[in-house]
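What follows is a single structure, and I will ask about it in a moment.
The values are calculated or read from the model by the stated rules, or taken from the named source; none is laboratory data. Just so it is clear, the structure is predicted and the values come from calculations on it, not from any experiment. So basically every Cβ, Gly included, is an ideal-geometry build from the backbone, and we count neighbours across all protein chains shown. We work out accessible area using only protein heavy atoms, side chains counted, and drop any ligands, DNA or RNA first. Shrake-Rupley method; radii C 1.70, N 1.55, O 1.52, S 1.80 Å.
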Amino acid sequence: MLLIKAGGSALTDKSIPYSFREPVVHALAGQLRRICEPLILAHGVGSFGHPPAKQYRIGLGDDATPDRRLGLAITQYWVDELAQRVIKILIDARLPALLTAADMLFVTEDRRIVDFHAEPIQRCLTMNLIPVLHGDGPLDRRQGFSVLSADQIVIYLARFFTARKVIFAMDVPGILRNGRPIPRLSFRELPTVQKEILSSQDASGGLAKKLEEIGALAGTGIDVQLVSLLEPDALLAAAHNQERGTLISDQHLCKEEPYEG
C-alpha cells in the first residue's frame with residue numbers, strides 16, 4: 001500500500017487566497033491511474049485552509065466565543081471545497097475517490113493524534129476505493145478543537161496500515177542542496193538536516209516540521225520519497241521505486257554535507 005500526500009503548495013498558489021491549480025490535479029489524476037496497488041491520498045489545504053485558519057486562530061482551539069466556533073465551520077467549509085475540486089477531477093479520470101473526513105476519524109490531544117476510528121478507511125480499501133483526506137480541524141481533548149496537518153495524518157496512517165512507502169508530492173523536487181535534490185538520506189540523518197534547514201533561508205521551518213513528522217517512521221522499514229508534483233510523472237516514478245527527488249530510508253547512510261536552501 002502507498003500513502004501519498006499532495007502538497008497544498010502544489011495544488012494551490014499560497015500567495016493567492018482560494019486559488020486552484022487545476023492542471024496540477026489533472027496531472028496527479030493521470031499518475032494515480034497508473035498505480036496498481038491500494039493507496040490512500042491526503043492533501044494539504046494551501047490557500048483554501050490557511051487564510052481562514054489564520055484569521056480565526058483555529059490552531060489555538062476553542063475559546064468559547066461564537067466567532068472562534070464560527071471560524072472553525074468556515075475553515076472546514078473552505079478545505080472541503082478544495083477537497084471536492086480535487087475529487088471531481090479524480091472521478092472524471094475514473095478513479096473511485098471518496099472524501100473521508102479526517103475531523104470525524106481522528107481525535108487529538110494538544111494537536112497530536114490520540115485516537116483513530118479505522119473502520120471506514122479499512123472498508124474503503126477492501127472495496128478498492130481511494131480514501132481522500134486533507135488537513136483538518138478535529139476535536140481536541142485538551143483545547144476543544146485543533147489543526148491537524150496532512151503530514152501528521154499520512155505518517156500516522158502509514159504506521160497504522162504498515163504501508164510500503166510514503167510519497168510526498170510537493171512544489172519542489174525533494175530536499176535541496178546547492179539547488180539540486182539530495183538523492184538519498186537515512187532516517188538517522190534527519191535531525192541534522194532539520195537543524196541545517198532551520199539555520200538556512202527556510203525561515204518558516206515548514207520543511208523541518210515535515211521531516212520531524214517523517215522521523216516517526218524510523219525503524220519501521222517504511223521508506224519515504226519526496227518529489228515534485230510539478231515534475232511530469234515524478235510521483236509515478238517514486239511509486240515504481242525509481243530514483244526521483246529524495247529517498248529517505250533506514251538502509252542508507254550518506255556522508256553529511258551542509259544544507260543550502
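Taking the conditions exactly as written (in contact (Cβ under 8 Å) with a residue 40 or more places away in the chain, charged (D, E, K, R) and farther than 30 Å from Arg164 by Cα), does Asp62 satisfy them or not?
yes
State all residues of segment 103-115 that are out of contact with any helix residue (DSSP H, G or I) (no Cβ under 6 Å at 6 or more places or on another chain) and open to solvent by 20 Å² or more (accessible area, probe 1.4 Å); if no residue qualifies, say none.
Those that are out of contact with any helix residue (DSSP H, G or I) (no Cβ under 6 Å at 6 or more places or on another chain) and open to solvent by 20 Å² or more (accessible area, probe 1.4 Å): Asp103, Met104, Val107, Glu109, Asp110, Arg111, Arg112, Val114, Asp115.
Counting only residues that are open to solvent by 70 Å² or more (accessible area, probe 1.4 Å) and free of Cβ contacts under 8 Å to residues at least 40 places away in the same chain, which one in segment 116-140 is nearest to Val45 (Cα to Cα)?
Going through the qualifying residues, I end up with Leu139.
Tell me, please, whether a residue that is polar (S, T, N, Q) and either under 19 Å from the mean Cα position of the chain (by Cα) or over 25 Å from Gln143 (Cβ atoms) (or both) can be found in segment 63-75.
Yes; the residues of segment 63-75 include at least one that is polar (S, T, N, Q) and either under 19 Å from the mean Cα position of the chain (by Cα) or over 25 Å from Gln143 (Cβ atoms) (or both).
Taking segment 151-203 as the search range and keeping residues that are closer than 30 Å to Thr100 by Cβ and basic (Lys, Arg), which one is surrounded by the most Cβ atoms within 10 Å (Cβ to Cβ)?
Among those residues, the one meeting the criterion is Lys165.
Okay, residues lined up against (1) within 22 Å of Gly46 (Cβ to Cβ); (2) in contact with a helix residue (DSSP H, G or I) (Cβ under 9 Å, 6 or more places away or on another chain):
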{"site": "Val147", "(1), (2)": "yes, yes"}
{"site": "Ile153", "(1), (2)": "yes, yes"}
{"site": "Tyr156", "(1), (2)": "yes, yes"}
{"site": "Ala163", "(1), (2)": "no, yes"}
{"site": "Val172", "(1), (2)": "yes, yes"}
{"site": "Arg188", "(1), (2)": "no, no"}
{"site": "Leu211", "(1), (2)": "yes, yes"}
{"site": "Leu217", "(1), (2)": "no, yes"}
